[in-house]
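Trainee: Quick one: this structure, given as structure tokens, is what I'll be asking you about.
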Amino acid sequence: MESLIIFPKIENELSFMKLNESLKEDKVYNSKFSLEEYNKIKINAMEFNECYFDNLKILNSNFYNIYFVDVIFNDCDFSNSNFELCSFIRCQFKNCKLLGSNFFNSSFQNVSFNGMLKYINFANNKIQKVEFKKSILDEGRFLENKFSFIYFNECDMIRIEFVKCNLSNIDFTNDNVEGMIIDPKELKGAILNNYQACMVARMLGIVIEG
């Protein structure tokens with residue numbers, strides 16, 4: 001299924017800025033952050049608009065009530081960090097590491113993910129026009145999310161778990177969903193290839209011969 005994602009719009013020249021200096025502001029515009037490392041920091045109630053995060057490592061940290069609008073994250077590592085009540089509008093995660101990261105009660109609109117997302121947790125989020133492309137989502141978890149145009153494209157999703165998520169019209173045909181953990185009833189309307197359909201049949205206890 002063709003993606004409808006609208007990518008970030010960064011039209012103005014960017015100024016270099018240190019992330020720890022930006023935390024003194026409520027709103028940060030047209031800025032580039034590069035080659036910085038942080039551990040266990042807290043970022044609260046801010047807006048980043050038309051910004052570029054390049055090669056940042058922000059581990060075990062907390063992002064609360066942050067607005068990201070027209071933002072590109074390139075080669076960033078947010079492993080084991082938490083994002084709560086955040087909004088992502090026209091954002092792109094390019095070759096990023098989000099190992100074990102958590103997204104709670106947040107909203108995503110026109111967002112693309114690419115990279116290592118193993119053990120990632122999405123819970124109670126609004127997800128509209130979001131694409132996961134060539135990403136590793138093994139043992140990730142989606143809990144009670146509202147999906148509207150979500151795309152999985154060439155992703156590894158081994159033992160991924162979906163709980164109380166409507167997967168109707170979601171195309172998994174070019175993804176590896178071996179060992180998916182889900183109530184088979186929630187797969188109603190999902191688009192699967194023949195192998196995946198047989199896997200679901202086994203989950204239902206159906207024996208296929210021949």
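The values are calculated or read from the model by the stated rules, or taken from the named source; none is laboratory data. Since we're looking at a predicted model, the values are computed, not measured. A quick note on method: Cβ atoms are made from the backbone with ideal geometry, for glycine too, and the neighbour counts reach across all protein chains shown.
Trainee: Taking segment 80-97, which residues are over 20 Å from Ile6 (Cβ atoms) and buried (at least 20 other Cβ atoms within 10 Å of the Cβ)?
Mentor: Ser81, Phe83
Trainee: Cβ contacts < 8 Å: first residue more than 15 Å from Val163 (Cβ to Cβ), restricted to segment 130-141; second residue acidic (Asp, Glu) and at pLDDT below 95, any location; separation 6+ or different chain. Result?
Mentor: none
Trainee: Continuing with the same structure: Determine whether segment 167-187 contains at least one residue that is surrounded by 13 or more Cβ atoms within 10 Å (Cβ to Cβ) and aromatic (Phe, Trp, Tyr).
Mentor: yes
Trainee: Filter segment 137-146 for residues that are crowded, with 19+ Cβ neighbours inside 10 Å and over 11 Å from the mean Cα position of the chain (by Cα); which is farthest from Asn169 (Cα to Cα)?
Mentor: Asp138
Trainee: Next up: Which of the residues spanning segment 97-132 are closer than 23 Å to Cys51 by Cα, under 10 Å from the mean Cα position of the chain (by Cα) and not aliphatic (A, V, I, L, M)?
Mentor: Of everything in segment 97-132, those that are closer than 23 Å to Cys51 by Cα, under 10 Å from the mean Cα position of the chain (by Cα) and not aliphatic (A, V, I, L, M) turn out to be Ser101, Asn102, Phe103, Phe108, Ser112, Phe113, Asn114, Gly115, Glu131, Phe132.
Trainee: Find the strands (runs of 3 or more DSSP E) located wholly in segment 92-174 whose residues include 3 or more that are of a type outside the set (Lys, Arg) and under 27 Å from Met203 (Cβ atoms), and list them.
Mentor: 121-123, 126-133, 146-153, 161-163
Trainee: Specify the residue that is nearest to Phe122 (Cα to Cα); the eligible residues are those in segment 63-91 that are of a type in the set (S, T, N, Q) and part of a strand (DSSP E or B).
Mentor: Asn82
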